[in-house]
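Every number here is computed from the coordinates shown, using simple stated rules; none is lab data. Worth saying up front: this structure is predicted, and the values here are computed from it rather than measured. Glycine also receives a Cβ, built like all others from the backbone with ideal geometry; neighbour counts cover every protein chain displayed.
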Amino acid sequence: MSRDTHTYRRVAMHTLEKSERITLLASVVDEEHKFREAHQGRVNFYSSLIATLIAATIAGVLSAKESSHYLFLLTGPFLVWAVAQIAETGTFRLYQRFLEAITVRAKLEQSLGLTLPLTSLPLDSYWPGEPLIPDRQLQSRRHAASSGALIAASCGQGYNRATQILFLVLRVIALVLAGGLSLMAIMRVT
């Protein structure tokens, strides 16, 4: 990014009126929720598709009688493997967009002063001197040198990490199923 572009971005944020930044923040928070819901929906879709492929393969095993049937059923585990791989990549993209929305949100919150300690509260107020934004969120943002670094550090964590593990386990199940089918085909031949 050129220095001129960086300067333009800095000036552009400060030229927005406070009400415009608040409206933009509301929009970004809404976008963040939509990306999270879309990510979860995509995980559900792929998980259901994979479960159906595994169930169909197992149902086929229960009715298979010849070696050729078992060899044909090997398409099931290969499809499970391929769909799980596609699912991991496809869900990652949505999680990445979710993280990008979080970085935009963080910048807007900071520009609105929401990350600064609240100092004008009465003494009997809850937690005087703390910012409006929770400490956990502030700490997770502060460790990164840039928004890109925050996204890179966060991609393999949280819900996305659980998603990656889920699709890895499903690929392992596909390998075990393929090995079992191969063994059954060999046993039918001999």
TODO: Please find, in a Gaussian network model of the chain (springs between Cα atoms separated by less than 10 Å), the residue of 100, 130, 109 whose mean-square fluctuation is greatest.
DONE: 130
Open item on the list: Net charge around residue 95, counting only other residues with Cβ within less than 14 Å of its Cβ (Lys, Arg = +1; Asp, Glu = -1)?
Closed with: +1
TODO: Relative to the longest principal axis of the C-alpha atoms of the chain, give the angle of the C-alpha long axis of helix 75-111, reported between 0 and 90° and rounded to the nearest 10°.
DONE: 0 degrees
TODO: Pick out, from 96, 157, 176, the residue whose Cα sits farthest towards the positive end of the charge dipole of the chain, with +1 on the Cβ of Lys and Arg and -1 on the Cβ of Asp and Glu.
DONE: 176
TODO: May I ask you to sort 18, 107, 34 by Cβ crowding, counting other Cβ atoms within 10 Å and putting the fewest first?
DONE: 18, 34, 107
Open item on the list: Please list, by residue number, every one of the chymotrypsin sites (Phe, Trp or Tyr not before Pro) in segment 113-190 that is coil in DSSP and has at most 16 other beta-carbon atoms within 10 Å.
Closed with: 126
TODO: List the lysines whose Cα lies under 18 Å from the Cα of residue 107, skipping any in the same chain that are fewer than 8 positions away.
DONE: 18
Open item on the list: Using the Karplus curve 6.51 cos²θ - 1.76 cosθ + 1.60 with θ = phi - 60°, what ³J(HN,Hα) values do you get for each residue of segment 47-63, in whole Hz, with x for Gly and Pro?
Closed with: 4, 5, 4, 5, 4, 5, 4, 5, 4, 5, 5, 5, 4, x, 4, 5, 9
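Calculate the translational D of segment 3-189 in whole µm² s⁻¹ from Stokes-Einstein, where the hydrodynamic radius comes from the Kirkwood formula applied to all Cα pairs, the temperature is 20 °C and the viscosity 1.002 mPa s.
106 µm²/s
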Task: ³J(HN,Hα) computed for each position of segment 156-172 - Karplus, 6.51 cos²θ - 1.76 cosθ + 1.60, integer Hz, glycine/proline x - done: x, 10, x, 4, 5, 4, 4, 5, 4, 5, 4, 6, 5, 4, 5, 5, 5
